[in-house]
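These notes concern the structure reproduced below.
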Amino acid sequence: MTTQARAAICQGPGKDFTLEHVQLDDLRGDEILVRMVASGICHTDMAVRDRQLPTPLPAVLGHEGAGIVEAVGSNVTSVAAGDRVLMSFNSCGHCPSCDVSAPTYCYNFFPHNFAGARADGSATITQGGETVSGNFFGQSSFASHAIAHQRNVVKIPDSASDIPLERLAPIGCGLMTGAGAVLRSMDVRAGMPIAIFGVGTVGLAAVMAAKIAGANPIIAVDMHDSRLDLAKELGATHTISARGDAMGQIAQLVPQGLAYAFDTTGVKKVIEGVFPLIAPKGILGLVGASAPTDDLVLNESSLMGGGKRVIGILGGDSDVGAFLCELIAYHARGEFPFDRLIRYFPFEKINEAIEASESGEVVKPVLRISAE
Ligand code: CXF
Ligand code: ZN
């Protein structure tokens, strides 16, 4: 039996999202129907709208969903109707990366997250018989209801039953990426220096995680003073404006070099500029989206002679369930106060929420879709 839903449909660059009625397909064995309570907005949604990612349009986007399970497919054992859940990215579960619990590097990431349909090509969303792209990040959560999967749905532990779903919604993307980069991908050691370039959602999550890890100093670099102020409140020991000579100031602050640098900007000049400041055995972690034509020029003898590592990072090496629960526990203890980044918008105001994100006024807009 198809489910009727109300969804925000992405129409393309320069066009507003439109709220329309759509139909969701019957659940398959591994699928989960979730009534959405809230969904965060991320830059990747805008990248699809602006055609930097080829998910066909029109599409129902949204990939930071939180809600309540309404129904489950016949093979689902991890959650049941009535459970409070978070959604994250999807993965295939049977490739060399998924086999070693590294689903962010799933060999089949595209068909499971960006194809606009199920991995087998079938549509999850239609409108009057016409296909609309769905299954975005295995969820398409800018809607009253979403079809998700056993692999990308996480039951919220009972110990967090007092934390509202609308607050937890954005954990499954940028927050997980920044925190995971520090706690997992780079495995930051206590007492060691880190510099974080760009303090939007991902960079601020990295700042909070660096504090959890005990890094010192924690240096935040950004163009915007208001973001730097927030970084300081969340754990940065030093803030540096990217409008000045940031690399010179870092070199003065840590003459022995940076044990860790984390770039969220994707800007070639920033990445190449910080590379010489990496200490022996240091790690430069890259998470920023750069132009597809950008190549990096790094000095080989410095890379080799220093035993340095330059690593690409996707999703903070999250394994989804375990890591999201770890982050919820940090939050419950007051150590991961990501709610400082959030501003809530009614679902109907999705276009205003996007505008507030793009102008830099709001770090993490979250749409309120229905009452918990
Ligand atoms: C993703 C990239 C792949 C892993 C999860 C997060 N980014 C979304 O915006
Ligand atoms: Zn995202």
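The values are calculated or read from the model by the stated rules, or taken from the named source; none is laboratory data. All figures in this text were calculated on a predicted structure; none of them were measured in a lab. Note that each Cβ is placed from the backbone with ideal geometry, even for glycine, and that neighbours are counted across all protein chains shown.
With the condition being within 30 Å of PRO13 (Cα to Cα) and within 16 Å of ligand 2 (Cβ to nearest atom), I'd like the strands (runs of 3 or more DSSP E) fully within region 258-372 carrying at least 3 qualifying residues.
Output list reads 364-368.
I want to confirm something. Restricting to region 19-36 and keeping residues that are surrounded by fewer than 23 Cβ atoms within 10 Å (Cβ to Cβ) and within 17 Å of VAL366 (Cα to Cα), which single residue is nearest to the chain's Cα centre (by Cα)?
ARG35
Please go through region 258-276 and give me each residue that is free of Cβ contacts under 8 Å to residues at least 60 places away in the same chain and over 23 Å from the mean Cα position of the chain (by Cα), ordered by number.
Residues satisfying the conditions are LYS269, GLU272, GLY273, PHE275, PRO276.
Can you name the residue in region 336-348 that is more than 17 Å from VAL207 (Cβ to Cβ) and out of contact with any Pro (no Cβ under 9 Å at 6 or more places or on another chain) and is also surrounded by the most Cβ atoms within 10 Å (Cβ to Cβ) among such residues?
PHE347
Working only within region 152-199, note down all residues that are outside any loop (DSSP other than H, G, I, E, B) and without any contact (Cβ under 8 Å) to a residue 24 or more places away in the chain.
Scanning region 152-199 gives a single hit, ASP158.
Could you give every pair whose Cβ atoms fall below 7 Å, whose first residue belongs to region 103-126 and is in contact (Cβ under 8 Å) with a residue 60 or more places away in the chain and more than 14 Å from PRO56 (Cα to Cα), and whose second residue is crowded, with 17+ Cβ neighbours inside 10 Å and among the aliphatic types (A, V, I, L, M), counting only separations of at least 6 or pairs across chains?
PRO103/VAL320; THR104/LEU314; TYR105/LEU314
Say whether the condition of being within 14 Å of ALA148 (Cβ to Cβ), within 16 Å of ligand 1 (Cβ to nearest atom), in contact with a Pro (Cβ under 6 Å, 6 or more places away or on another chain) and at pLDDT 95 or above is met by at least one residue in region 79-93.
Within region 79-93, one or more residues are within 14 Å of ALA148 (Cβ to Cβ), within 16 Å of ligand 1 (Cβ to nearest atom), in contact with a Pro (Cβ under 6 Å, 6 or more places away or on another chain) and at pLDDT 95 or above.
Name the single residue, out of those in region 297-335 being loosely packed, with under 12 Cβ neighbours inside 10 Å, of a type in the set (A, V, I, L, M, F, W, C) and over 30 Å from ALA160 (Cα atoms), that is farthest from ligand 1 (Cβ to nearest atom).
My answer is MET304.
Quick one: which strands (runs of 3 or more DSSP E) lie wholly within region 21-136 and hold at least 1 residues that are within 15 Å of ligand 2 (Cβ to nearest atom), within 23 Å of SER318 (Cα to Cα) and not hydroxyl-bearing (Ser, Thr, Tyr)?
31-40, 65-72, 84-87
Output the residues belonging to region 55-81 that are farther than 20 Å from ALA8 by Cβ and not small (Gly, Ala, Ser).
Looking only at region 55-81, we keep the residues that are farther than 20 Å from ALA8 by Cβ, and these are 69, 71-81.
Result: VAL69, VAL72, ASN75, VAL76, THR77, VAL79.
Quick one: ALA47 ticks every box in (1) within 16 Å of ligand 1 (Cβ to nearest atom); (2) farther than 23 Å from ILE369 by Cβ except a single one, so which number is it?
For ALA47, the exception is condition (2).
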